[in-house]
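Coordinate-derived values only; no laboratory data. Computed from a prediction, not measured in an experiment: that's the story for all the values here. Here Cβ is always computed from backbone atoms with ideal geometry, including for glycine, and neighbour counts include all displayed protein chains.
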Amino acid sequence: MGLAIMAAAFCVPGEAPAAPAVVLDRYFEAYNTRDFDGMRSVFTADAWIGWYPDKRSTDGAGLMEAYKGGTFEVMPDVKLSLLQRDERNGVVTQRERITTGGKDSDGLSYYKVDGGCITRMEIVSEPTP
């Protein structure tokens, strides 16, 4: 029963379609306010999430656990901001800034948005100082 309730909190493609830019803006807002329900509402539970160059990956549910149990505990002041966005056919390339501890670092990410949901997120360059 608990699993069904948790799964229901994740995005269902086509249920509430929104433009990719709108979906990503919602994700950034939820991330920056630590709104886990808001973050789950834009990712599918089985979304593929990958980090390069170390080739780690998880799914949407794993990402939420990583945020809750790691990222936000280690970097309680971390914020994401958008520097540049390019969207083509539901694939969004973004140059992003992560700010924590008073320091900024920039990175590059790709997102696949399908039916109003993030189904894939690839962080292809780790932020560098």
Output for region 15-29, where each listed residue is surrounded by fewer than 19 Cβ atoms within 10 Å (Cβ to Cβ), among the aliphatic types (A, V, I, L, M) and assigned to a helix (DSSP H, G or I): 21, 22
Region 49-60: number of residues that are farther than 13 Å from residue 109 by Cβ and surrounded by fewer than 20 Cβ atoms within 10 Å (Cβ to Cβ): 7
